[in-house]
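Have a look at the structure below, then the notes.
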Amino acid sequence: MEVHADVDGSGVPLAVLLKRELCNQKVEKPDILFGEANKSKKGEDFTLLRAKCHRSPGEGATAAGGGQNAGDDDTISVFAIFDGHNGSAAAIYTRKNLMNNVLAAIPTNLTSEEWTAALPRALVAGFVKTDKDFQTKAVRSGTTVTFVIIDGWVVTVASVGDSRCILESAEGTVYFLSADHRLDANEEEVERVTASGGEVGRINIAGGAGIGPLRCWPGGLCLSRSIGDTDVGEFIVPVPHVKQVKLSNAGGRLVIASDGVWDALRFQEALNYTRGLPAEAAANRIVKEAVTSKGLRDDTTCIVVDILPPEKLSPPLKRHGKGGIKALFRRRPSDEMSEDQMDRGCLEPDVVEEIYEEGSAMLAQRLNINYPSGNMFKLHDCAVCQLEMKPGEGISVHGNMPKHSRVDPWGGPFLCSSCQVKKEAMEGKLHSRSTDVFTQNL
């Protein structure tokens with residue numbers, strides 16, 4: 001009789017869960033090593049590199065090292081690329097404000113598991129608030145964002161635009177943790193933009209032939225999502241694709257790079273260039289090869305982050321020199337690690353669990369979290385800007401509620417009036433209303 005191992009709802013083998021209980025009564029955090037490299041053409045690429053960062057908003061949240069009082073158990077790691085266009089203003093503003101806006105959207109006094117569950121919604125709120133606030137600056141600039149938060153062995157990536165993040169597990173499997181929001185690469189986004197009032201097409205030349213990538217008009221942007229770009233239209237939305245995964249304590253390597261890298265190198269090609277190299281050298285090699293391949297046509301930026309097993313969990317692995325890194329990031333069969341090594345180091349099999357993934361541009365879908373997770377958020381705070389509202393003042397993300405009706409606690413989450421206007425603009429409702437008025441006047 002063939003016997004299958006039991007698994008829980010997440011698809012993780014029961015044997016793995018039992019080994020976790022036996023080996024990791026207190027889960028050890030990984031070691032985080034990182035490196036960055038950049039070749040500048042326009043000076044519009046910016047990065048955020050924080051190995052230790054407070055979980056609460058404030059100056060300490062984005063201070064280098066996470067502040068003097070940051071304890072290891074209360075910190076996260078944050079790495080991000082902001083690839084600006086039409087100037088650097090949006091990238092600079094987003095780098096300064098996005099992290100605090102995300103953290104402000106997470107309720108206080110949560111357990112570690114609750115914090116992880118709340119993070120995807122908070123990322124959506126933080127991205128939209130940052131974009132909404134930047135609009136008040138009246139600056140014609142935009143930026144892509146690839147934003148990575150590492151909390152223990154959980155990696156969460158939020159992205160708008162065409163900068164990308166990939167993960168290579170210790171076994172050598174490649175996972176794509178971000179989405180490509182180029183109009184050329186995403187038919188669903190083309191349909192959404194046109195349905196919201198935008199026009200999508202190529203640059204026309206004499207004779208009517210179109211050249212170059214698909215672009216959104218007015219403005220000519222070839223992306224469907226970004227922060228900023230107020231001159232293009234509200235249908236270029238800041239709502240991020242979010243993916244959340246959990247690594248085994250065998251670790252993994254993240255490569256986060258702007259389109260200057262990915263326009264020149266394929267994903268596997270970039271990873272192959274990093275073999276045997278520590279993080280900083282790997283980032284430099286990727287940028288060098290990208291520039292060598294296509295020339296310096298655009299700002300070219302790369303961050304490499306190694307998520308490594310703590311020393312006490314991995315005695316067989318050497319941490320210093322190229323040998324240890326090469327052993328961790330070469331392709332090998334999953335059963336190469338011996339039973340003795342597994343027992344001595346308590347290393348789990350190389351399993352990457354997908355916890356969450358969502359890419360919808362609709363706020364009603366992204367801010368609505370099922371019970372009991374949704375119960376963590378304050379019902380009468382605006383789900384985007386966290387403005388505290390009186391009962392009955394908020395507008396449900398699911399549609400306008402009559403003022404005379406009794407507020408249904410299950411009708412939330414709620415938005416303040418200005419965030420509701422932002423939501424309707426992103427969905428093309430303000431455009432359709434103005435069109436209807438114009439038609440009636442005719």
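The values are calculated or read from the model by the stated rules, or taken from the named source; none is laboratory data. Please read these numbers as outputs of a predicted model, since none were measured by experiment. Here the Cβ is made from the backbone with ideal geometry for all residues, glycine too, and neighbour counts use every protein chain on show. Ligands, DNA and RNA are excluded from the accessible area calculation, which covers all protein heavy atoms including side chains. Shrake-Rupley method; radii C 1.70, N 1.55, O 1.52, S 1.80 Å.
Key figures for this structure:
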item: Every residue from segment 228-240 that is modelled with pLDDT of 95 or more and surrounded by fewer than 23 Cβ atoms within 10 Å (Cβ to Cβ); result: none
item: Strands (runs of 3 or more DSSP E) completely within segment 172-274 that count 3 or more residues being touching a residue at least 60 places away in the same chain (Cβ under 8 Å); result: 174-176, 241-246, 252-257
item: Any pair with Cβ under 6 angstrom, 6 or more apart, that starts in segment 276-295 at a residue that is over 15 Å from Lys41 (Cβ atoms) and in a helix (DSSP H, G or I) and ends at one that is aliphatic (A, V, I, L, M) and open to solvent by 40 Å² or more (accessible area, probe 1.4 Å); result: Ala279/Leu33
item: Residue in segment 120-149 that is nearest to the chain's Cα centre (by Cα), counting only those that are modelled with pLDDT of 95 or more and among the aliphatic types (A, V, I, L, M); result: Val148
item: Single residue of segment 47-60 satisfying the filter (touching a strand residue (DSSP E or B) at 6+ places or on another chain (Cβ under 8 Å) and surrounded by fewer than 22 Cβ atoms within 10 Å (Cβ to Cβ)) that is modelled with the lowest pLDDT; result: Gly60
item: Some residue of segment 175-194 being in contact with a Gly (Cβ under 7 Å, 6 or more places away or on another chain) and either over 23 Å from Val261 (Cα atoms) or modelled with pLDDT under 90 (or both); result: no
item: Pick from segment 71-130, criterion in contact with a His (Cβ under 9 Å, 6 or more places away or on another chain) and part of a helix (DSSP H, G or I), ranking: farthest from Glu353 (Cα to Cα); result: Ala91
